[in-house]
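These notes are about the structure you will find just below.
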Amino acid sequence: MKPQSRIHYFPTGSVLTVSPSWLSPGASVTLNCEVEHPSAGWSFYWYKAVPDLSEKSSSYELLPDGSGTAQDSYIIHGQTHTAGYVCRAGRGDPEYHTDHSQPKFVWSADVHSAASLTVSPDRVQHFTSDSVLLTCEGNFTEWRVRKFSEDGRLYSDCRRMTGSTCGIFTSKSDTAVYWCESGSGEFSSAVNITVQNDGNGPILVSPVHPVTEGASVSLSCSLRTQKILSNVFFYHNDKLIQNDTRGELKISAVSKSDEGFYKCQYSGRESAQSWMSVKVTFEFIVFISCCRWIQSESHSPGSSTNHGVNQNETHEYNSLHPGQHLNRSLLSLLILTFHSVSTNRNIS
């Protein structure tokens, strides 16, 4: 009986998953690499995707300690900007390697100075056949706009790219995540764009980029044929929060609790929902923390302040002990410092 030869089957590809897809402050990013018919003995290789505009693709840089790990997962700490990742697997001696996985991305909505993406008009939702301009900004001469569509496809070419601006006439297929990549390998922040397919339905007018905590923001509802509406219902995370004659939802000082999904309803028709992100700056956190400390110190048991209802503000101020005078001085200095730092950040 003729002996049968043993056939060795080697998977040709690997599949990368990334969690989470959108970055939040302080969160780590977990990469998982899978091969077809997984078994023991595989080693895994982890790469960062670096834009290569000349080849309309990306090159791959090995991540720190990312060569031949026994684990099929890799954790990244401190990631703050949009980035792309790739993996592959290997086994045997000599080692056989699978093909590189398709790149997967983790997106950041935070705008940073090196590269940014602006959208005009500045809103998440658009009607079909709207003219929308996506502009890449930063000190780079070459750009490309990338698009990750609802069906999971990655696009690298803009249909109408002029300089650093990509122009689109929106269709339902343009509902996607967009970001810029520079010829020097920089990624911009990412934005969501949603195209309303119902020509008679409303859209929610909400900002594309995160709103800074403490700032004001207005959300409104719009029809293709009527930009200003009244008697609009507004929802936050599917909970009705405003139902009156006003056509706008105004938040005078945004807080982290205002983050979430918003939608509007007009004449029985609902818009799609869009996520509004709230950005908490380091300076704001320090400012609030210091103010709370100063307030607690001012109301400590050792305070000699007379809070009698018949005394006016001037008398009360003059009755403060030296520690409270110091607290008020500290608060004034803190406000000036906070304003100065915030102004310098905006200029840079």
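I'd like to check something: does region 136-148 contain any residue that is assigned to a strand (DSSP E or B) and hydroxyl-bearing (Ser, Thr, Tyr)?
no
Could you check Val280 against (1) in contact with a Ser or Thr (Cβ under 6 Å, 6 or more places away or on another chain); (2) more than 16 Å from Arg123 (Cβ to Cβ); (3) surrounded by fewer than 18 Cβ atoms within 10 Å (Cβ to Cβ) and say which number it fails?
It is condition (1) that Val280 fails.
Condition first: assigned to a strand (DSSP E or B) and either outside the structural domain of Leu133 (by the TED database) or surrounded by fewer than 18 Cβ atoms within 10 Å (Cβ to Cβ) (or both). Now tell me which residues in region 163-174 satisfy that.
Thr165, Gly167, Phe169
Any chance region 11-33 includes a residue that's free of Cβ contacts under 8 Å to residues at least 60 places away in the same chain, crowded, with 18+ Cβ neighbours inside 10 Å, more than 25 Å from the chain's Cα centre (by Cα) and within 30 Å of Ser182 (Cα to Cα)?
No: region 11-33 contains no residue that is free of Cβ contacts under 8 Å to residues at least 60 places away in the same chain, crowded, with 18+ Cβ neighbours inside 10 Å, more than 25 Å from the chain's Cα centre (by Cα) and within 30 Å of Ser182 (Cα to Cα).
For region 240-271, name all the residues that are closer than 16 Å to Ser222 by Cα, buried (at least 16 other Cβ atoms within 10 Å of the Cβ) and in contact (Cβ under 8 Å) with a residue 40 or more places away in the chain.
Passing the criteria: Tyr262, Lys263, Cys264, Gln265, Tyr266, Glu270, Ser271.
Criterion first (open to solvent by 70 Å² or more (accessible area, probe 1.4 Å), aliphatic (A, V, I, L, M) and either more than 16 Å from Ser21 (Cα to Cα) or not assigned by the TED database to the domain that holds Phe148 (or both)) does Ala89 satisfy it?
no
Taking strands (runs of 3 or more DSSP E) that do not extend beyond region 175-266, which have at least 2 residues that are of a type in the set (Ser, Thr, Tyr)?
176-182, 217-222, 260-266
The values are calculated or read from the model by the stated rules, or taken from the named source; none is laboratory data. Source: prediction; values computed, not measured. Cβ: placed from backbone, ideal geometry, glycine included. Neighbour counts: every protein chain shown. Protein only, heavy atoms only, side chains kept; ligands, DNA and RNA dropped before computing areas. Shrake-Rupley method; radii C 1.70, N 1.55, O 1.52, S 1.80 Å.
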